[in-house]
Amino acid sequence: MPLELSQKVLDDCKSLRVRRVSFHMHGEPLLDPYLYERIKYAKAIGIPRTYLSTNASLLTAEKGERLIQSGLDSITVCLDGTDSETFESIRIGLDFDTVFQNIKGFMALKKKLHSSTPHVLLQFVATKKNAAQIMDFKAQWSGVVDDIIIQNAISWAGDVELKVDASEPGHQSCDNQKHYIACPNLWRWMIVLSDGSIPLCCLDYQCSEKLGSVENQSLAQIWNGDRLKHIKSLHLKGAFHEIPLCRQCEVPYTSGNPKLRRSFPALMKLLYHQQKLQSTVMAALTRGFFTDTG
Ligand code: SF4
């Protein structure tokens, strides 16, 4: 995305009092030549929290130093295994030793520069191939990075077959297909792709449900637009199956406390016409069940 367009989006975020901006989506953010300028701009205009997630394959000392100096608040680095065989069978094309050393090097650099930021989360996505390594992984990295998170594998709204057994550690199961909540993503985040398009959510990697574009609309216009309102109302009615993308998605069945999910339809009836209350209630219902990485 051109720098000017990202600055327009960030200005919109500032006026909407957005608390956190993430500088990644489906690609690798360290490939972006304007990444550091975008983060600096966000910090200069007062965005409270800036964040990105990287596979760390390009996290060299030079890039690491520029990230630290940009003012980035938090970063997730991904390593899904404790040995090269496991890791490289999951992250096809990456080299375990490079990623391992880059993460260690970045932590050393932070120390050398006496920088408390960015806060570094090390993420491990559990799959059938690596689930047995979770305990060793935690032991290996505990005290080295700032935080460790074991993330549940997701099906990308049904596009990828989940190869994780629900009983395996770290996996949050769909315990009952009858109990759902409206998808909290619709109230929490807005995604802007590199061409300015706004997809429905972070799982809509093909932008099959396009809500608009920042090329010719403001974030506020899209956030308050009729299309997103309609989709939210379908979710509140429990009719999210009417949206093809949401039909196969496990998020409504895995978000929030299972007990709360049982009483959710009744609660949503009460909230249906209370637009202002919806965001607050959705945030409260799902707090702690998403990776709040900032
Ligand atoms: S339910 Fe729909 S909006 Fe929510 S994460 Fe899944 S695909 Fe996205």
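Quick note: the coordinates plus some simple rules give every number you see, no bench work behind them. Small disclaimer: the values here were computed from a predicted structure and weren't measured. All Cβ positions, even for glycine, are placed from backbone atoms using ideal geometry, and neighbour counts span all protein chains on display.
So how do Tyr34, Tyr205, Tyr51 line up by other beta-carbon neighbours within 10 Å, fewest first?
Details: Tyr34 13, Tyr205 16, Tyr51 21.
With the sparsest Cβ surroundings first, the list reads Tyr34, Tyr205, Tyr51.
With the crude spin-label approximation of a point 7 Å out along Cα→Cβ, what separation in nm comes out for Ser89 versus Ser142?
A separation of 2.6 nm, rounded to one decimal place.
Give the order of Met190, Met25, Met135, Met1 when sorted by the count of other beta carbons within 10 angstrom, beginning with the fewest. All intermediate terms of the calculation are to be shown ahead of the outcome.
Details: Met190 22, Met25 15, Met135 10, Met1 18.
Placing the least packed residue first, the sequence is Met135, Met25, Met1, Met190.
Give the long-range amide H neighbours of Gly212: residues separated by 5 or more places, or on another chain, with amide H under 5 Å away, using H modelled in the peptide plane at 1.01 Å from N.
Excluding prolines and chain starts, which carry no amide H, the hits are Ile198.
Given a Förster distance of 35 Å, report the FRET efficiency between Ser208 and His114 from their Cβ-Cβ distance, rounded to the nearest 0.05.
Plugging the Cβ-Cβ distance into 1/(1 + (r/R0)^6) gives 0.15.
To the nearest 0.05, what FRET efficiency results for Asn216 and Glu37 with a Förster distance of 30 Å applied to their C-beta separation?
0.80
Once you charge only the Cβ atoms, +1 for Lys and Arg and -1 for Asp and Glu, what is the size of the charge dipole of segment 14-59 about its Cα centre, to the nearest 20 debye?
Around 420 debye, computed over segment 14-59.
Using a Förster distance of 30 angstrom, determine the FRET efficiency expected from the C-beta separation of Gln101 and Lys128, and round it to 0.05.
The calculated FRET efficiency here is 0.65.
What pairs from Lys63/Lys104; Lys43/Lys232; Lys104/Lys129 go past 20 Å between their alpha carbons?
Violating the 20 Å limit, Cα to Cα: Lys43/Lys232; Lys104/Lys129.
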